[in-house]
Amino acid sequence: MKIFVSLAAVALVLPLAGQQVANVSFKLGRDAAQPIDEEYTKKIREYTTEPFFNSPLTDYLPASKTVPTPKAVLGDVSGAPGILPYSHEVYRYMRMLEKATPRVKVFSIGKTEEGREMIAVAVASEKLIASLDENRARLAKLADPRTIKMDDAEADKLVAASTPIYYITGTIHSPETGAPTALMELAYRLAVDDSAYIKFIRENVITLITPIVEVDGRDRMVDIYKWHLANPGKQWPSLVYWGHYVAHDNNRDAMGLTLQLTRNVLNTFVGWKAQVLHDLHESVPYLYDNTVGDGPYNAWIDPILADEWQMMGWNNVSEMTKFGMPGVFTHGTFDTWSPSYLMFIAAMHNGISRLYETFGNGGADTEERELRPNEYARTWYRQNPPLPKAKWSQRNNNNYEETGVLTALSFFATNNKMFLRNFYLKAKRSIEKPNTAGPAAYVFSADDPRPGAQAELLGMLQKQGCEISKATAAFTVLMPAKKPRTGGRGGRGGASSETATATDGATDGAAEKKPEEKPKPQPKTFPAGSYVLRMDQPYSRIADTLLDYQYWATNDPQKSIYDDTGWTFGELGNVQVARVTDLKVLEAPMTMVDGPVKAPGGLEGTGSVYLINHNADDALVTLRYRFASGSFDVAEEPFESGGRKFNRGSYIIRNVASDDLAKAGTELGLRAYATDTAPTVKTHAVHAPRIAMMHTWLGTQAEGWWRVEFDRLKVPYSYISTQTVANEGDLRSKYDVIVFAPGVRGNPLAIINGLPMFGNPLPWKKTELTPNLGNTDETGDMRPGLGWNGLEHLQEFVRKGGLLITASDTANFAVTFGFTPGVSISPAARLKVTGSALRSKIVDHASPILYGYNDNLAIFASNPPVFGISNMMGGGGGGRRGGPEERERPTGRGTADDPDVPQGRSPADIPEEPHAEVWEATPLTGEQMRNPVGVIPPAERPRVVLRYANNNELLVSGLLDQGGELAQHAAVIDAPYGQGHVVLFSNNPFWRAETKGSYFLVFNAILNFDNLNAGRKLAAK
Ligand SMILES: [Zn+2]
């Protein structure tokens, strides 16, 4: 409670001159002169299951002769049982409000993937609504203090004249259904209610509302609810698709900005120069303001923000406690580490991120709800806990949502000048970052071998609102001295690293030598054309958090880690990023980039053969499919042509019109070189393979992150389910590659079995009752899985020359069900990898899967499968485990390294035991070859392409505990099976648009599906 006292004191002694007193007190409840809507008010009371599940703010509705209540659209009050409006109904109501009162204005803020509209509704006094543009112009100056020369006195004037914007977003999570009706009613109250409490809010803060963030998912959820109402007594289908691509993870996109909803909310927040982004969720009884949560907090936020979280969170608890509403709390286990949540758009753009979890029933049924003991226990931070058991209604949920938001708006309005001043201060401190916390800038070198990946990353940062500059001349800065690596932890490096190549193989765990002299800072010169992301700009924090390294201590007191722990975009994007602390970088000659960063491309020279270097830039796969009928060969070895070096896998293109190629090269950022003489190098053809993306009906989220990127890069595929594969034979005649992206954790038998077959069929189909369930895939019954038929079809597909691509849990499926002789997965005992970036090492340079790659790629993993390799069917793991290096000698004569010697005879020759590395199979012994029934023929053995690095350099970013269990194990395996192949990824190469550096491992496998054995060296026996 100490925190609470000190914060209250802060609020009372604001050091700002000329401000109103912050402790305004209101007479709660309605204005006696304003009539109430009797009928509506009666219904509110009827649908609220206990009087204490409501507050004096929401237990009545003021009447208006001119402004319609939500009943005009809903036919009943907000939160009424059985009523869940579609997005178009919510929008219709908001536009009715706009028409009826000058206090409401509706803005269209963009479209979803499926073309549905997103809106933002501004509510404030007519005076404020009439002057939104002038107010925004002032806020824009506070948002970028460079425009007022960082002049605090000028800022004070702007603060005094401005009104802050509090942005509320609803139902990003589609099964959390309460927010739209709560926000409809909230908008009405803010526009109509003449009580002192609401009037004060209306006049001192502009409330901005996006009632539905995930619009595609909302409409599907309403479909499902309607199906449920039309089928009483039946089980209903779960919401297997929310948005077009991902489900719950739509709230993990604030870094990668892959989804329309994220970009639309970001543009609204940044465009309006809003101060708060408050996202409404439902899961926890009855109201958990989780932004206060628990540590560790994100390490890149301004500490001012952490204080604002505390102030607002504890004020919420305090006010709602006084209303007698049980179950309101703000401390909890949620850590605020990852910046991927939608609300974090505010945290990283000098605003305030907030999030409520209220209690919803996933629909509008009123139900008896029983809680778990830990949910209703009284704790120090929850003195009035939720009830162990209660009848719960959507109206209750709406009461909590509205009351919480109204108390927050009241507190914010009361302290509006302090929060505006903080907004300015946070922006100013972001600009001062080079001189305070650092760094001065991040530099992206003009000689990065992957200009496409570089442009992609810079483009994302531009979408985040960051300014990018380009050096007009070479410049030199001092880079910090390299510290010697301490044992057990990883370090900086990636594609640009000199450090990561130094240690290999046998040095694992070996003690590092102490350097003789303290290392000194080293000068580094960046060529002209290098990009500079200066930190002296208002949105420096988002760039810093995305580009820096993350470190989560294995002994951190936070044990229920909420999400990923590492995301370093340069590493996972395979882009060279230099963190420069030397302030001299800011004096380098540079100009700001106008418009999106683009990789240079086009066609040079003349001739009928075109060469394009393979650098693993994603545009290469787009190009292949764009010219599907062109003839593309790839080189199996590096070569030179016209004085230029070309990597393995480089394209040699014929039968494409040069104008078309030049245009495509310019658009895609690829450089093609025309020649008349094709290089003399071993090649094979790459066609445009026919791809199927296979999903289960158990969950489609993780594969959605693959689909969204295949679509963006214009890689065509058929979208099929495990049921399609169960029902259709001869897959090989239709497809060359089947991608089975991860998504089913736990027992892989679930993929075969599907959902339990008890109860009734669960349809996912577009019908008159459920018009929004299309646009992805359909089935009459979601329950059946792949089945044994489907498994046989899938194996036949591979045996006949197809390629099956699997990752993480689907790799486990392939191993478990016999697709991959010689590969095993051993259970990890204490290994802990919680969404981290890990270092990989190349094992087999010649594999087509690695075309275009340099060593030391960072890959993303989350408690990944630990692969073992064997040359024997059913044989255990590979090298080292239990091998000669780890075996203890028996008791006997001599030292630990000596052989024992039986007495009374000559010492016998001890045959050398075969040695193998962890990622290798142990070579066969003579004994095993005597009758080699279980021996896998060399050509059919798994080929390890990429492995995890040694333990002392395994961690790149995030959390890694007991990494020795994973270190050096195979990470990517190409397993031949019949005429085809199964490629196994231990890592997840497509994750939340954070792993763009790994994409081409998959695209290489696809493009070379019929030549994966290229460059393979077989064992002699
Ligand atoms: Zn949620």
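The values are calculated or read from the model by the stated rules, or taken from the named source; none is laboratory data. Predicted model only: the values in this text are computed from it and were never measured. When we count neighbours, we look across all protein chains shown, and the Cβ atoms used for this are built from the backbone with ideal geometry, even at glycine. We work out accessible area using only protein heavy atoms, side chains counted, and drop any ligands, DNA or RNA first. Shrake-Rupley method; radii C 1.70, N 1.55, O 1.52, S 1.80 Å.
Over all directions, average the projected area of the Cα convex hull of segment 680-819 and note it in nm².
Over all viewing directions, segment 680-819 projects a mean Cα-hull area of 10.5 nm².
Taking 0.36 nm per intervening residue step and subtracting the Cα-Cα distance, what contour gain separates ARG930 from SER608 on full extension?
Stretched fully, the ARG930-SER608 segment lengthens by 110.3 nm.
Scan around ARG369 for amide H atoms under 5 Å from its own, H built in the peptide plane at 1.01 Å from N, and keep only partners 5 or more places away or cross-chain.
Long-range HN contacts for ARG369: ALA390, LYS391, TRP392.
Take segment 163-305, compute every pairwise Cα distance, and split them into 10 Å bins from 0; I just need the percent in each bin.
Bins of 10 Å from zero give 10, 31, 36, 18, 5, 0 percent of pairs.
How big is the Rg/Rh ratio for segment 756-894, C-alpha atoms only, Rh by Kirkwood, two decimals? Write out the running numbers ahead of the final one.
Values: Rg = 22.0 Å, Rh = 19.9 Å.
The Rg/Rh ratio comes out at 1.11.
Between TRP236 and residues 5 or more places away or on another chain, which pairs have amide H atoms under 5 Å apart, with H built 1.01 Å from N, and which residues are they?
none
Express the relative contact order of the chain as a whole percentage, based on alpha carbon pairs under 8 Å and six or more residues apart in sequence.
Relative contact order comes out at 11 percent.
Over all alpha-carbon pairs in segment 337-477, figure out the percentage whose distance exceeds 23 Å.
Distances greater than 23 Å cover 62 percent of the Cα pairs.
What is the projected area of the convex hull of the Cα atoms of segment 532-586, averaged over all directions, in nm²?
5.3 nm²
Take the alpha carbon atoms of segment 725-755, find their center, do the same for segment 908-950, and report the distance between the two centers in whole angstrom.
Spelled out, the Cα-based centre of one part sits 31 Å from the other.
Dividing the alpha-carbon radius of gyration of segment 128-179 by 2.2 N^0.38 Å (N being the number of residues), what value is obtained?
The reported ratio for this selection is 1.61.
Nearest 10 degrees is fine. How inclined is helix 179-192 to the longest principal axis of the chain, computing both from alpha carbons?
Compared with the principal axis, the helix lies near 30 degrees.
Which ³J(HN,Hα) values in Hz, rounded to whole numbers, follow from the phi angles of segment 238-252 under the Karplus curve 6.51 cos²θ - 1.76 cosθ + 1.60, where θ = phi - 60° and Gly and Pro get x?
6, 7, 6, 10, 9, x, 5, 10, 10, 9, 3, 5, 4, 9, 10
For the chain, what does -39500 (n - 2.57) per DSSP helix run (n ≥ 4), summed and divided by total residues, give at 222 nm, in deg cm²/dmol to the nearest 500?
Calculated at 222 nm, the ellipticity per residue is -8000 deg cm²/dmol.
Dividing the Cα radius of gyration by the Kirkwood radius, what Rg/Rh value follows for segment 615-667?
Ratio value, two decimals: 0.96.
At 7 Å along Cα-to-Cβ for each site, give me the label-to-label distance between MET873 and HIS684 in nm.
2.6 nm
Calculate one ³J(HN,Hα) per residue across segment 263-279 by plugging θ = phi - 60° into the Karplus curve 6.51 cos²θ - 1.76 cosθ + 1.60, and present them in order as whole Hz with x for glycine and proline.
Once rounded to whole Hz, the list reads 5, 5, 6, 4, 5, 5, 4, 6, x, 7, 6, 6, 9, 10, 10, 10, 9.
Given bins 10 angstrom wide, list per bin the percent of all Cα-Cα distances in segment 723-779, short to long.
Each 10 Å bin holds this share of Cα pairs: 16, 36, 40, 9.
Distance in nm between label sites at THR677 and THR66, each 7 Å beyond Cα in the beta-carbon direction?
Between THR677 and THR66, the label points sit 8.5 nm apart.
Can you pull the three principal axis extents for the Cα set of segment 258-320, in Å, largest first?
34, 28, 22
Through the Karplus equation 6.51 cos²θ - 1.76 cosθ + 1.60, θ set to phi - 60°, convert the phi angles of segment 549-559 into ³J(HN,Hα) values in whole Hz; use x for Gly and Pro.
8, 10, 9, 10, 5, 5, 9, 4, x, 6, 9
Can you give the Rg to Rh ratio for segment 962-1018, taking only C-alpha atoms and Rh from Kirkwood?
That ratio is 1.02, to two decimals.
Charges at C-beta only: +1 for Lys and Arg, -1 for Asp and Glu. How large is the resulting dipole of the chain about its Cα centre, in Debye rounded to 20?
My answer is approximately 1060 debye.
For a quick check of your reading of the filter: which chymotrypsin sites (Phe, Trp or Tyr not before Pro) in segment 395-490 sit in a DSSP loop and have no more than 13 other Cβ atoms within 10 Å?
Filter output for segment 395-490: empty list.
Lysines within cross-link reach of LYS1021: Cα-Cα under 28 Å, excluding same-chain residues under 8 positions apart?
Correct list for LYS1021: LYS682, LYS800, LYS841.
Label-point separation (nm) for GLU126 and ASN1013, each offset 7 Å from Cα along Cα-to-Cβ?
Those two pseudo-labels are separated by 8.2 nm.
With all protein chains present, how much of the accessible area of the chain (probe radius 1.4 Å) comes from carbon and sulfur, to the nearest whole percent? Please list the in-between numbers first.
Values: 20190 of 38840 Å².
Carbon with sulfur: 52 percent of the solvent-accessible area.
How large is the convex hull of the Cα atoms of segment 633-756 per residue, expressed in Å³ as a whole number?
Normalising the Cα hull of segment 633-756 by residue number yields 156 Å³.
Among the aspartates and glutamates, select those whose C-alpha is under 19 Å from the C-alpha of LYS559, and discard any that sit fewer than 8 residues away in the same chain.
Within the straight-line limit of under 19 Å, LYS559 reaches these aspartates and glutamates: ASP294, ASP335, GLU375, ASP961.
Give me the Kirkwood hydrodynamic radius of segment 917-1021, using the inverse of the mean 1/r over all pairs of distinct Cα atoms, in Å to one decimal. List each step's numbers first, then the result.
Details: mean 1/r = 0.0627 Å⁻¹.
Radius from the Kirkwood sum: 15.9 Å.
Starting from the amide H of GLY785, placed 1.01 Å from N in the peptide plane, find each other amide H under 5 Å away whose residue is 5 or more places distant or on another chain.
When sequence neighbours closer than 5 places are left aside, the close amide H contacts are GLY754, LEU755.
Using a simple charge model, +1 on the beta-carbon of Lys and Arg, -1 on the beta-carbon of Asp and Glu, nothing else, what dipole does segment 363-464 show about its Cα centre, in debye to the nearest 20?
Charge dipole of segment 363-464: 540 debye, to the nearest 20.
For LYS43, go through the lysines and keep the ones whose alpha-carbon is under 25 Å away, minus same-chain ones fewer than eight residues off.
Correct list for LYS43: LYS27, LYS65, LYS71, LYS199, LYS226, LYS322, LYS389, LYS391.
Averaged per residue, what accessible area in Å² does the chain show with a 1.4 Å probe, protein chains only? Intermediate results must be reported in sequence, preceding the final value.
Working: 38840 Å² over 1021 residues.
That works out to 38 Å² for each residue.
Taking every eigenvalue of the Cα gyration tensor of the chain, multiplying by 5 and rooting it, what semi-axes result, largest first, whole Å?
Square roots of five times the eigenvalues give 52, 34, 30 Å.
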